[in-house]
Amino acid sequence: MNDGLWRFSEWFDPVPAAARITLGEGNTPVVRSRRLGPSVGLKNLFFKLEITNPSGSYKDRFACAAVSDMVAHGKTECIATSSGNTGAALAAYCAVAGISCEIAIVEGAPAGKLKQMLAYGARLYRVRGFGLDNVVSDRVLDCLRALSARPQAQMQISAFAYCPVGMSGVKSIGHELAEQALSLDRAAWDHVFCMAGGGGLVLATALGFEQLQQAGRLERLPRVECVQPDGNDTISGPLRAGLNVAQAIQCTSKISGLQVPSVIDGHEVIAACQRCGGTGHLVSDDFIWQTQSRLAREEGIFAEPAGSTAVAGALQAARAGLIDPYANVVCLVTGSAFKDPAALDAMVQGVSAPLIELADLERRVREVT
């Protein structure tokens with residue numbers, strides 16, 4: 001039986017065994033880069049494929065712990081907010097648990113993610129300006145707090161600031177990576193590149209490594225690197241500048257899933273990255289889209305733009321000479337390309353699969369043989 005994340009339960013916020021739900025999440029593979037790493041001089045670049053989780057993103061780790069906690073406390077209504085992946089994960093795990101799921105969606109959420117949430121039975125509504133304007137985003141959260149104040153309800157937002165129990169499940173990424181470094185014959189990771197919207201993934205990964213070090217199971221911490229689109233610079237810019245606080249902004253990035261103009265976990269992310277020697281990286285939307293295409297065509301990895309952002313940060317850092325060519329570097333690839341049809345359409349623009357006659361295929365055979 002696959003217990004999913006629960007093999008790491010000693011490191012999570014407590015959830016009784018009888019309440020634990022799993023869809024087989026976690027234990028995602030780490031694969032070596034064959035072409036992208038060498039193209040920028042990195043000898044040991046790896047990708048952790050979070051796209052292999054049940055709903056197609058790392059957010060299943062959050063939903064697994066969060067919904068199991070709701071089961072433990074007898075909750076029957078999940079009130080959530082999402083740009084797509086959190087909502088899809090929560091909707092899936094709520095379906096297993098028999099919990100209703102109501103989700104406020106950012107204005108620009110991709111159609112693929114909306115359909116996935118609806119398929120799981122979630123009730124959705126998109127809010128104009130949500131995810132772009134920090135004032136609107138903060139007011140949406142106020143509404144969700146009011147809805148979740150009812151005794152049968154609980155708010156679920158994938159951030160430590162709101163749902164630390166759920167986010168404790170995401171710490172499992174650090175634990176898995178520590179195991180995988182050894183299985184790949186790496187002494188340890190030198191750099192772990194993570195994308196950031198509100199910053200919860202970066203913080204959870206860093207805290208997972210810290211748990212192991214504090215328990216004497218990890219000799220040194222890897223540098224956890226925070227990567228954001230330059231149009232959503234809430235954390236990475238201040239971190240690189242040596243500041244101790246994140247900043248609220250007006251988001252101009254078009255990268256769905258990373259349009260988070262509020263600080264959320266930003267202050268804590270900066271502190272965690274500083275403790276392990278990591279820093280911030282800002283990449284353009286265009287470079288993220290280019291990296292998404294290169295991952296598919298050169299590595300066979302089918303990632304959405306947000307899921308490609310950490311890789312874009314590592315490639316940019318390597319080109320700038322910020323990474324030792326022999327360093328052990330791993331990037332989190334966080335979401336599947338199936339989730340963002342518009343970005344996928346852009347990636348294959350200008351090519352198609354025409355309908356041809358059998359005679360055309362036979363002519364092709366004669367031409368090449």
> So, of the residues in the stretch 1-32 that are within 20 Å of the chain's Cα centre (by Cα) and among the aliphatic types (A, V, I, L, M), which turns out to be nearest to A181 (Cα to Cα)?
Replying inline: V30
>> Quick test for you: out of R145, R61, R126, pick the one residue that is touching a strand residue (DSSP E or B) at 6+ places or on another chain (Cβ under 9 Å) and part of a helix (DSSP H, G or I).
In response: R145
>> Can you find a residue that is part of a helix (DSSP H, G or I), among the acidic types (D, E), without any contact (Cβ under 8 Å) to a residue 24 or more places away in the chain and farther than 27 Å from G174 by Cβ anywhere in the stretch 292-303?
In response: no
> R34: of a type in the set (K, R) and part of a helix (DSSP H, G or I), yes or no?
Replying inline: no
> Would you say L282 is at pLDDT 95 or above, within 25 Å of V135 (Cβ to Cβ) and part of a strand (DSSP E or B)?
Replying inline: yes
>> Need the failing condition index for T334 against (1) under 23 Å from A89 (Cβ atoms); (2) in contact with a Pro (Cβ under 7 Å, 6 or more places away or on another chain), just the number.
In response: (2)
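Go through the residues of the stretch 260-275 one by one and say whether even a single one is over 22 Å from N85 (Cα atoms), among the β-branched types (V, I, T) and surrounded by fewer than 24 Cβ atoms within 10 Å (Cβ to Cβ).
Scanning the stretch 260-275 turns up no residue that is over 22 Å from N85 (Cα atoms), among the β-branched types (V, I, T) and surrounded by fewer than 24 Cβ atoms within 10 Å (Cβ to Cβ).
Taking the stated definitions as given, is A111 closer than 27 Å to L5 by Cα and either among the acidic types (D, E) or under 20 Å from the mean Cα position of the chain (by Cα) (or both)?
No, not satisfied.
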> Counting only residues that are surrounded by fewer than 21 Cβ atoms within 10 Å (Cβ to Cβ) and under 25 Å from S253 (Cα atoms), how many does the stretch 119-142 have?
Replying inline: 16
> What number of residues within the stretch 76-101 are crowded, with 19+ Cβ neighbours inside 10 Å and either polar (S, T, N, Q) or not in a helix (DSSP H, G or I) (or both)?
Replying inline: 11
> If you go through the stretch 208-231 one residue at a time, do you hit one that is surrounded by 24 or more Cβ atoms within 10 Å (Cβ to Cβ), within 28 Å of S336 (Cα to Cα) and among the polar types (S, T, N, Q)?
Replying inline: yes
> Of all residues in the stretch 7-66, which are free of Cβ contacts under 8 Å to residues at least 12 places away in the same chain and either under 21 Å from C194 (Cβ atoms) or surrounded by 22 or more Cβ atoms within 10 Å (Cβ to Cβ) (or both)?
Replying inline: none
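The values are calculated or read from the model by the stated rules, or taken from the named source; none is laboratory data. Note that the coordinates shown come from a computational prediction; the quantities given were computed from them, not determined experimentally. Virtual Cβ from ideal backbone geometry, glycine too; neighbours counted across all protein chains shown.
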